[in-house]
Amino acid sequence: MFSDSMMLGGGRKAAFSIANSVRLDGVADYFTRTPSTVGNRKTWTFSAWVKRCAIGTQQFLLITGINSNESESVFFDANDKLNLWVCVSNTWVGRVQTNAVFRDTASWGHLVISKDVTTATPKIYWNGIEQPTTVLTEFANIEGYVNTTYEHRIGEGNAAIANGTFNGYITQPTLIDGAALDPSAFGETDLITGSWRPKRVASLPANVIRRDGGTAFGDMTGRDGLAGAFDGTDATQASTYPANANSGYVGMAFVSPVALTRVVAVAPVGSGFQDNVDGNISITIYGKNGLPSSATDGTIMGSSGPFTDVGRLEKTIAVSGSFTHVWAHIVSDTVGGTINCADLKLLALDTSGYGTNGFHLDFADAGGAGGTANTAFAGGFGTYQVVINPDRPLPNKAWITQIGVTQSSAETGKSVYILRDDGGNGYTVMWVSAPFNHAGSGLEQVAVNYLVPETGTYVMAVACPASALAWGHDADLIGTPYLYSPSARLLGESFIASIAAGVSVSEAPPALTWTDGSLGRSASGANHWLPVSLGAADVVTDAPTNNYATINRLNMQSGLVLSNGNTSANGSAAVRWWRSSLAMSGGKWYFEMKTNSANNSYCGIGIEPGAVTRNDGLNQYPGGSEGGADGYGLYTLASPPNQGIRYAHNGVYTDIVDAGFNTASVMKVAVDLDAKMLWLGYDNTWIGGGDPAQGTSPTYTLSAQVSDWVMMGCAYNEVTCYFGASGFNLTVPAGFKALCTANMPKPVIQAPSKHMDVVTYTGTGTSQVVTGLGFQPDLVWCKRRDNIESHGLYDSVRGPTKMLYSDLSNGEATDTNGIVSFNANGFAANGAMATNGSGGNYVAWCWKAGGAPVANTVGSIPSTVSANPTAGFSIAKYAGTGTAGTSFGHGLSAAPKFILVKNVSSGNRNANTMDWMVFHAALGNSGVMRLNTTEGNLGPDAGMWNSTAPSTAVVTLGNHERVNYGGDNYIAYCWAEVPGFSKFGAYTGNGSSDGPFVHCGFRPRFVLIKRTDSAENWRMFDAARSPYNVVDNMLETNNSTPEALGNANKLDFTANGFKVRSIDAGTNSNGTYIYAAFAEAPLGGTKTVPAKAR
């Protein structure tokens, strides 16, 4: 709702866009199904997209079994790790757990469990990547409980097994029964952003049975297992069987007959398959139960052709039939020609594409309310209407959950039948209940688990004799009292049952209970699931292809209780604050808040700068002074009937009283960040009388210096925020949108790895070419990870072999054994210990500037610059003058926020004058730090930057030797902030393991942190050395020490920033910190695949 269509960069449409998800409340929402047939209990694949809303508790995604001693489950444990556990006969027969923790609640992640215990330990994938795991119990080649006839649940534990309801959003849960697939069946990597994205499940190669080079593709053991090569001929052999020179065949064999719907013959360009004489080719698919005696000794299942051979083949042929042997007979119409079947691949698709118990819930149909008593049965004893017709009045896709059967005499072993009327062509039995006994009086409730599949006429009968449909007594009692009579069928009615002559009627029609089951309908066409405590209100448009804002669980006050998919918050009788998971950096946005309590005092909503770090104190309001400057908001005071409303900016507030404001009122916010205007209001009132749609009379004009804003609110009792995934209560002003990734501005850089990246490699001790970058680097910053070695920095302005050391004050050194060239996708290094020592483990942080340097004369002194304005990075070389106020051009179109300056000259000056000097915008224009030491902020010091902030064109220098000694040469690495790609800011620590959250607007690739109010090392973290959370492999710019593995400084990288998870003074004491962060993937934007949860 209110979101633009999903498109990808370069005008590419998304391969697949997911429309809906289901919001599970973590209390009682789930899906249930009890299979009627046993499937493959050893081999299966489970896939689901999830967005977590709660962490630190056990939450089940899939569970089945009898009790805790006989069960199988997929779940997040209380430590937020993913698990697959199987217990048989009170003995663990397999347990595997990820090393990664999953605590990112800002976005979606894709889970795949691929299990085949006949060959290997099950694999767990997240966003397409196989996760390192710990095997707690080796998996035995023993059948588990998935695909048994016990109850299966999605989203909730079973009290008989284990408790734990999933709290979050889920979409596209899919099970493939009988095949262990990898994630490529369900998703793919977007070639632009590098983010994982879903693809249409209907196109997955599940249950594809293929012969290819004599190898079986798709293990069908226990269902349709391959028997091996058919008659010794497989897809790699040129075949002239039978003897005709102009024909050939490729075949496959199965253990038992397989019903097929399609056969695909594929041979790629350049393959050995060919018709060496130009002509037309025809393909006929044959089948037989047993070996054929010739290429045509079988039943024709389908055919294709004639068509012209163009050096490749890809033909899908519709077929029908069920056989043990299936083959393609390929014939050329050119007499004397030869068919060469080399490299030809034959694929067969069976009718049970998802397997016996496989399913795919796409939530395309939101459904309605569940658990409603049926009123479909009407009429008197003379003409009972005893049918279910989804058109009148039972809804289409209704789950029949129970039938109440009344009998006047005792009966045993009876069943309830559901039959489809085939319009005069008989009846099809759709479902049969388990046998039940009736005491002969009262109402007997019979459990039903049947989803009416399509509009049509359906009959229910307690017994189904061969000669008639019966309701009530069987023929072995007093005849068939209610016998279907075609002549009694009336126009507009479904079925009329007439009473047999001379029969007295004592039974009432059945009492039917139904639930709208469209929400649990499987797109596979079978194996539907029953939704429990779920309805249309639980279906939202928050999805992996369009991620909506929620309350950020990682950025809220302790004690706040979230629910309803992190859109509702309860302060538990104290005013507690929260902030949103997405930020706004341009555009027009609208959102609402409504109280869920009779006491709606002290709740509010507003916006504030994303850079604000709030403390954990109570009574912090939108627009209050507690969060720093530039916050705006609206909140309530006393409860009705004397309701007070306050709107505020930075602690300066105005109170209004409106008798029309009550407990049912909706507070609303509209903000136009491009015009810097904000409207606050409630119900049909905008404070100040303005009109957002017309851009008139805003409540406030925003501060121009803030680049990004987040939604901020507070709650005393429970409130619900409306961010748009479930719609809004009021009319949205024209031109304003819900805050979701599809509506966000398109990032300037959709592919961060084309401008900055991190690579790891192993040293060889000799010349080595390091690859893996998507660009030619202009700055390469190397560090050996497993030994004491100084950092090495090389750049294209000074040229290869010219090395600087971030942990030393030394001048430039020439090292021909260091990095010797910058290449198109990496760099080359010789055998220096700092860059390529034999057997050493290395990391290189790399940036793209502008290639070969050019002259820049914008400043008061000339500079030589390589600049990449798009990515906000430049390298500038200049000569010092010793004069305060000297400026040099940096080549960017925006003011740098982070600058490293180093004297590269060699001389007799004091080493203290050769330090690396750091400018960071959060320190102000007189703040200064040293990259190669531990000190905090050394400012104010006008000698460094002349108390002048960098402009969009130049960097201004003071007269200090470290940045401007007359005649010395300097190198400056300059970074300007680019939304969605880089972020340079500050935060205040809280000394808690639940540390500050920093919103970056992207999932980080590299983060640098430094304490500013005390001496601490510069801490370096990246996603290459720590590919999953927790991120705790740390290096330090000012130290040559090896990498600290699993150290006390811990971060979680998330889709929208990073969360500090330690109490170490280096990252999170009660002090102040600066950071520099660069993106791995943008959070989202128009035509941009959203970043996924880590």
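The values are calculated or read from the model by the stated rules, or taken from the named source; none is laboratory data. Not measured: the values here are computed from a predicted model. Heads up, the Cβs are rebuilt from the backbone with ideal geometry, glycines too, and the neighbour counts pull from every protein chain shown.
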Looking across segment 791-808 at residues that are of a type in the set (Gly, Ala, Ser) and crowded, with 20+ Cβ neighbours inside 10 Å, the single one that is nearest to Arg962 (Cα to Cα) is Ser806
Taking the condition part of a strand (DSSP E or B) and touching an Asp or Glu at 6+ places or on another chain (Cβ under 9 Å), does Leu554 pass?
yes
Val1007: hydrophobic (A, V, I, L, M, F, W, C) and farther than 28 Å from Val843 by Cα, yes or no?
no
Only residues in segment 583-612 that are assigned to a loop (DSSP other than H, G, I, E, B) count as the first member; pair them with residues that are among the aromatic types (Phe, Trp, Tyr) and surrounded by 21 or more Cβ atoms within 10 Å (Cβ to Cβ), Cβ under 7 angstrom, at least 6 apart or cross-chain, and list the lot.
Ser601/Tyr716; Tyr602/Tyr635; Tyr602/Tyr716; Cys603/Tyr635; Cys603/Tyr716; Gly610/Trp709
Scan segment 1022-1040 residue by residue and report those that are part of a strand (DSSP E or B) and under 19 Å from Ile899 (Cα atoms).
Glu1036
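Given segment 855-925, what strands (runs of 3 or more DSSP E) lie entirely inside it while holding 1 or more residues that are closer than 27 Å to Ser753 by Cβ?
Answer list for segment 855-925: 863-868, 873-879, 896-903, 917-920.
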Going through (1) farther than 28 Å from Pro869 by Cβ; (2) among the small types (Gly, Ala, Ser); (3) within 39 Å of the chain's Cα centre (by Cα); (4) assigned to a loop (DSSP other than H, G, I, E, B) one by one, Ala834 fails only at (4)
Scan segment 589-639 residue by residue and report those that are modelled with pLDDT under 90 and among the basic types (Lys, Arg).
Arg614
Note on segment 718-764: residues more than 20 Å from the chain's Cα centre (by Cα) and among the aliphatic types (A, V, I, L, M) are Val719, Leu730, Val732, Ala734, Val748, Ile749, Met756, Val758, Val759
Test result for Gly1057, in the same structural domain as Asn1017 (by TED's automatic domain parsing), surrounded by fewer than 24 Cβ atoms within 10 Å (Cβ to Cβ) and in contact (Cβ under 8 Å) with a residue 40 or more places away in the chain
no
For segment 538-566, pairs from a residue that is at positive phi to a residue that is at pLDDT below 95 and assigned to a strand (DSSP E or B), with Cβ under 6 Å and 6 or more apart or across chains, are Gly559/Arg576
The correct count of residues that are of a type in the set (S, T, N, Q) and under 13 Å from Tyr716 (Cβ atoms) in segment 568-591 is 2
Unique residue being without any contact (Cβ under 8 Å) to a residue 40 or more places away in the chain, closer than 21 Å to Ala48 by Cβ, in contact with a strand residue (DSSP E or B) (Cβ under 9 Å, 6 or more places away or on another chain) and assigned to a loop (DSSP other than H, G, I, E, B) when the list is Thr105, Thr121
Thr121
Among (1) under 34 Å from the mean Cα position of the chain (by Cα); (2) in a loop (DSSP other than H, G, I, E, B); (3) surrounded by fewer than 21 Cβ atoms within 10 Å (Cβ to Cβ); (4) of a type in the set (Gly, Ala, Ser), where does Ala986 come up short?
(2)
For the subset of segment 845-864 comprising residues that are touching a residue at least 60 places away in the same chain (Cβ under 8 Å) and farther than 22 Å from Asn946 by Cα, which member is surrounded by the fewest Cβ atoms within 10 Å (Cβ to Cβ)?
Gly851
Selection from segment 279-304 of residues that are modelled with pLDDT under 70 and either part of a strand (DSSP E or B) or within 44 Å of the chain's Cα centre (by Cα) (or both):
Asn280
Contacts under 7 angstrom Cβ, first residue in segment 282-294 being outside the structural domain of Val326 (by TED's automatic domain parsing), partner among the β-branched types (Val, Ile, Thr) and assigned to a strand (DSSP E or B), 6 or more apart:
none
Within segment 765-809, the residues that are more than 39 Å from the chain's Cα centre (by Cα), not charged (D, E, K, R) and not in a loop (DSSP other than H, G, I, E, B) are Met803, Leu804
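Just to confirm my filter: which strands (runs of 3 or more DSSP E) fall fully inside segment 23-70 and include at least 2 residues that are surrounded by fewer than 23 Cβ atoms within 10 Å (Cβ to Cβ)? Full working, then the answer.
Numbers: elements: 30-33, 43-52, 59-67.
Ranges flagged: 30-33, 59-67.
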Tell me, please, whether a residue that is within 37 Å of the chain's Cα centre (by Cα) and on the phi < 0 side of the Ramachandran plot can be found in segment 810-822.
yes
Kindly indicate whether Ala715 is in the same structural domain as Leu637 (by TED's automatic domain parsing), of a type outside the set (D, E, K, R) and within 38 Å of the chain's Cα centre (by Cα).
yes
Where residues in segment 121-162 are crowded, with 21+ Cβ neighbours inside 10 Å, among the β-branched types (Val, Ile, Thr) and touching a Pro at 6+ places or on another chain (Cβ under 9 Å), which of them is farthest from Ser89 (Cα to Cα)?
Ile154
Condition check for Ala852: touching a Ser or Thr at 6+ places or on another chain (Cβ under 8 Å), part of a strand (DSSP E or B) and farther than 24 Å from Thr760 by Cβ:
no
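Results for (1) buried (at least 20 other Cβ atoms within 10 Å of the Cβ); (2) over 17 Å from Thr595 (Cα atoms); (3) in contact with a strand residue (DSSP E or B) (Cβ under 8 Å, 6 or more places away or on another chain); (4) basic (Lys, Arg), shown as yes or no for each residue.
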residue	(1), (2), (3), (4)
Tyr653	no, yes, yes, no
Thr663	no, no, yes, no
Asp674	no, yes, yes, no
Met712	yes, no, yes, no
Cys721	yes, no, yes, no
